[in-house]
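Down below is the structure, laid out as structure tokens.
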Amino acid sequence: MGARAQYVVVEDGAWQRYYSHWAAGRVVDDLLPGPAAATRCFRANREIDEWLDDVWCEGAALVDHDRRILLWFGYADGWTGHTAARAVLARTWPGWEVRFAHDGMGDLTHHLGLGRDVTRKPGWFEIFEPVGFADSEYTDPASVVSVRLPDGAVRAWGSNWEPVEQLASGPELIDRIVAAPPTPVLTDMPDGGVHFDPQARTVSLWAVQTAAGIHDWPLPRWEGWALDFRGDDHTRQAGLLPADFPFPRPRLTGALREFGDGLGTPPPDTGPLLARAAAAPGPEGTVTAVAPAALVPHEPADPTPAEVAALRAALDALIAEAETG
């Protein structure tokens, strides 16, 4: 399958799309050295004339030089990795508006004036009946769900569902949440959270990952409810959580050091491995098939020594602040 990434570069009123079959996990790494380095990197990939959809595209970036706006999404190793990446990008993209694309490809196409449904079919948002609540037995759940009860108190649970998945069953899920047993106190930050206030008929959501469809409110079954979308800001939910179920406060030092350790490390060349796999005989009666794009490795254009030095300086400053903060 690969980890497909799509890039868009806007400059002088025109925009081009580029594609890498293996770079979704490297979107953050390729953005950190700054706009000039990122643009060279993206233009070193194959130019295409089509859009990936939310299923196939696991990472993307849009670099708009005309408006000095960066939109991006991709894997950043949870809350600490995402938050550390945002801190670095704020230093290495000075004068730019840096936004995480919570609506995935919808945010990119919307920015270009094409709407949010270019890659989405009608009824694409999947809903299901609330047969249960995916409470978590782990201390590092995917999300945290909190509910304001009729008496005004707030209870919270860890959940194995991603934040936007909590909305796929409609308000009927809330009764099942409240009936769920207590879950362990958190030791790691979740990737997002949802707060339900049935009396006020409001939903508050934050996430450090994509929440595709979040700007199409109301989602199915949520008619008559208001959405308070917080982007990647968890502080409102943190202020609502009960005292015995707080968010932890992890330092960003480890994630920042990992960014520094990765400087100058080329992406793995998967081409030879896949070529051997394609040439190997398959089970009797089958034919091995490999997409041609899978044989093309991600070969980003390297940042210049000056760009690497500026990135290291930014990382060193942020590490020093994290250690004394």
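Here is how the numbers come out for the structure above:
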{"quantity": "Selection from the range 229-268 of residues that are closer than 22 Å to H102 by Cβ and surrounded by fewer than 14 Cβ atoms within 10 Å (Cβ to Cβ)", "calculated": "D233, T235, R236, G239"}
{"quantity": "Pair list, Cβ < 8 Å and 6+ apart or interchain, from the range 125-147 residues that are part of a loop (DSSP other than H, G, I, E, B) to residues that are among the basic types (K, R) and open to solvent by 30 Å² or more (accessible area, probe 1.4 Å)", "calculated": "I127/R221; P130/R176; G132/R176; F133/R176"}
{"quantity": "Segments classed as strands (runs of 3 or more DSSP E), wholly inside the range 58-104, with at least 3 members that are closer than 16 Å to D30 by Cβ, of a type in the set (A, V, I, L, M, F, W, C) and out of contact with any Cys (no Cβ under 9 Å at 6 or more places or on another chain)", "calculated": "59-64, 69-73"}
{"quantity": "Extreme residue, farthest from D197 (Cα to Cα), among residues of the range 216-228 that are in contact with a Phe, Trp or Tyr (Cβ under 8 Å, 6 or more places away or on another chain) and not in a loop (DSSP other than H, G, I, E, B)", "calculated": "D216"}
{"quantity": "Subset of the range 21-50 [open to solvent by 50 Å² or more (accessible area, probe 1.4 Å) and farther than 26 Å from S143 by Cα]", "calculated": "W22, A36, R40, R43, A44, R46, E47, D49, E50"}
{"quantity": "Residue list for the range 1-10, restricted to those being farther than 15 Å from C41 by Cβ and either open to solvent by 50 Å² or more (accessible area, probe 1.4 Å) or within 15 Å of the chain's Cα centre (by Cα) (or both)", "calculated": "M1, A3, R4"}
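The values are calculated or read from the model by the stated rules, or taken from the named source; none is laboratory data. Predicted, not measured: the structure shown is a model, and the values here were computed from it. Neighbour counts run over all protein chains shown; Cβ positions are idealised from the backbone, glycine included. Calculation scope for accessible area: heavy atoms of the full protein, side chains included, ligands and nucleic acids excluded. Shrake-Rupley method; radii C 1.70, N 1.55, O 1.52, S 1.80 Å.
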